[in-house]
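Read-outs throughout are calculated quantities, based only on the coordinates presented, and are distinct from any laboratory measurement. What you are looking at is a predicted structure, and each value in this text was computed from that prediction instead of being measured. Cβ sites come from the backbone with ideal geometry, for glycine too, and all protein chains shown count toward neighbours.
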Amino acid sequence: MSECVFCSLIQKKANMLFEDDKIFAMFSPEPSVAGHVVVLPKSHSPILETVPDFVVADMFKVANKIGIAAFEGLGAQGTNVLVQNGPTAGQKQNHAMIHVIPRFENDKVPIGWNPKPASEEELSDLEGKIKDETKNVGIFEKEKEKPVEIERPKEIKEDKRLKALRRIP
């Protein structure tokens, strides 16, 4: 694998806002607006679908808290929470991430699309193409349980009376 820019930023702890054993959140090195944060898995994954489900869940929990911080700390009037998977979707770096973009009135950040109504025929055709692929929705990969470490009790000094009782025939 070639050197991943975000893996090295994680390693350097660049612009860090949050870190735990699986997740890293940092200010975006190429922000769309001041306060733009990216939430990344610490282990390299090129797109979100390659990240284990339990890590994705934690990423969205962190993204939600970052959004709250943007409202409270920056006075944001809204946020966009965005995932770009693949170059066609606008992904620029080969590392999965969730963008949390604070929004302000007239910030001119060009995020959006023009929705149009879909016909019943189009929806039926789409359902036929994707329905079989959604059979595993709701089945989530769980993190393997870590072995429980049990502390061994320190040696207990034997009561002399008990020792004496054991000697009685």
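Whether a residue is more than 19 Å from the chain's Cα centre (by Cα) and of a type in the set (Gly, Ala, Ser) was assessed, and residue 35 does not pass this test. If you take the residues in the range 109-131 that are surrounded by fewer than 11 Cβ atoms within 10 Å (Cβ to Cβ) and under 27 Å from the mean Cα position of the chain (by Cα), which one is farthest from residue 6 (Cα to Cα)? Of everything passing the filter in the range 109-131, 131 is farthest from residue 6 (Cα to Cα).
Yes/no matrix, rows are residues, columns are (1) of a type outside the set (A, V, I, L, M); (2) in contact (Cβ under 8 Å) with a residue 40 or more places away in the chain:
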site: 76; (1), (2): no, yes
site: 83; (1), (2): no, no
site: 97; (1), (2): no, yes
site: 129; (1), (2): yes, no
site: 143; (1), (2): yes, yes
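Among what's in the range 70-88 and is surrounded by 19 or more Cβ atoms within 10 Å (Cβ to Cβ) and of a type outside the set (Val, Ile, Thr), pick the residue that is farthest from the chain's Cα centre (by Cα). This residue is 76. Filtered by the rule that a residue be touching a Phe, Trp or Tyr at 6+ places or on another chain (Cβ under 8 Å) and β-branched (Val, Ile, Thr), the range 1-37 gives 10, 33, 37.
Considering the range 16-32 alone, what residues qualify as being under 28 Å from residue 138 (Cα atoms) and either crowded, with 16+ Cβ neighbours inside 10 Å or within 9 Å of the chain's Cα centre (by Cα) (or both)?
Here is the first cut: in the range 16-32, the residues under 28 Å from residue 138 (Cα atoms) are 19-25.
Those that are under 28 Å from residue 138 (Cα atoms) and either crowded, with 16+ Cβ neighbours inside 10 Å or within 9 Å of the chain's Cα centre (by Cα) (or both): 22, 23, 24, 25.
In this structure, is residue 49 over 24 Å from residue 139 (Cα atoms) and either surrounded by fewer than 16 Cβ atoms within 10 Å (Cβ to Cβ) or in contact with an Asp or Glu (Cβ under 9 Å, 6 or more places away or on another chain) (or both)? Spelling it out, it is not the case that residue 49 is over 24 Å from residue 139 (Cα atoms) and either surrounded by fewer than 16 Cβ atoms within 10 Å (Cβ to Cβ) or in contact with an Asp or Glu (Cβ under 9 Å, 6 or more places away or on another chain) (or both).
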